[in-house]
Amino acid sequence: MSDITESSRLHVLQAIEDGWSGFCKAPLPFVLFTLLSGALGLIFQAMSHAAAIRSSAGSGFDPGTVLLMIVSVIGSTVISLWAVTGLIRGAWKALSGHKPSFGDLTHWDGQAAGRLFINQLVLAVVLAIILFIAIAIDHVATPVVPMARTFFGALALACIPSARRMVERQSGTIIFTGATASIRGGSGFSAFSGAKGALRMLAQSMARELGPKNIHVAHVIIDGGIDTAFIRGIHPDFEAAKAADAVLSPDAIALQYVALHKQHRSAWTHEMDLRPWTENF
């Protein structure tokens with residue numbers, strides 16, 4: 001089994017040697033046939049070029065130009081098929097141990113040419129389909145790319161429905177509430193810090209995208225406990241801390257949020273830091 005597999009492999013160097021050996025058996029027929037087919041091909045290419053010149057010169061697609069184009073296309077196709085099948089036939093005879101003649105190469109084999117033509121036609125259709133798909137993707141992607149030009153821009157208009165309405169009326173305020181973890185990670189807070197850091201980047205991107213549309217986007221860093229039921233339940237001495245203004249008042253936070261909303265657009269604040277006077281930075 002291994003011998004069969006080894007013998008079926010194509011060895012490039014051996015193929016080159018076999019090809020050269022076959023050519024050396026009848027070099028003159030191969031050279032003459034190649035020159036003949038090339039010369040005939042040039043004739044039909046010249047006809048195609050002449051048809052293109054006639055068309056661009058103002059004659060348009062008159063009957064003479066159309067006939068010239070048809071003859072050049074058919075002639076080029078026939079010469080190409082004739083040349084390929086002739087060279088393959090000559091190479092096959094040479095590799096089989098025979099000496100091909102010029103007549104062997106020039107002999108027209110309609111069945112072989114037909115099979116080769118069908119293969120070329122199938123390849124052309126496949127390439128056309130690939131080109132059509134590429135053009136279709138380009139047309140679909142063109143309007144989509146600007147809509148999602150940035151990840152945060154897509155979130156700003158898709159994940160926050162209110163932003164859509166603000167864009168329509170060309171005014172509004174969006175305030176994100178962050179924490180110290182937004183700018184500085186802490187031990188044991190990797191998930192929280194990562195989320196808050198991403199929120200801060202989102203706010204920055206939205207501010208740059210929505211600011212020119214007269215929408216104020218701000219990010220407020222709140223560092224410290226807020227006077228809520230949750231903090232009351234976990235703070236060891238909540239009442240004393242509240243009396244000393246060591247926890248943030250919700251009303252005081254709300255006043256700052258309202259102030260952000262009322263800011264004149266010539267002096268917008270993007271990032272604000274709110275913390276009790278006792279909180280360490």
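Things to note:
- Pairwise label distance in nanometres, Glu271 with Ile74, each label 7 Å out on the Cα-Cβ vector: 7.6 nm
- His235, His216 arranged by Cβ crowding within 10 Å, fewest neighbours leading: His235, His216
- Each of His261, Ser193, Leu248 was placed along the dipole of the range 151-274 (beta-carbon charges, centred on the mean Cα), and the one lying farthest toward the positive end is His261.
- Estimated at 0.36 nm per residue, the fully extended path between His264 and Ile129 surpasses their Cα-Cα distance by 42.9 nm.
- Computed about its Cα centre, the charge dipole of the range 151-274 is approximately 640 debye, with only Lys, Arg, Asp and Glu carrying charge at their Cβ.
- Label-point gap, in nm, between Leu28 and Ser190 - each point 7 angstrom along Cα→Cβ: 8.2 nm
- Distance between the 7 Å Cα→Cβ label points at Lys99 and Ala46: 3.5 nm.
No lab work stands behind these numbers, since they all come straight from the coordinates. Computed from a prediction, not measured in an experiment: that's the story for all the values here. Cβ coordinates were reconstructed from backbone atoms using ideal geometry, including for glycine residues, and neighbour counts include every protein chain displayed.
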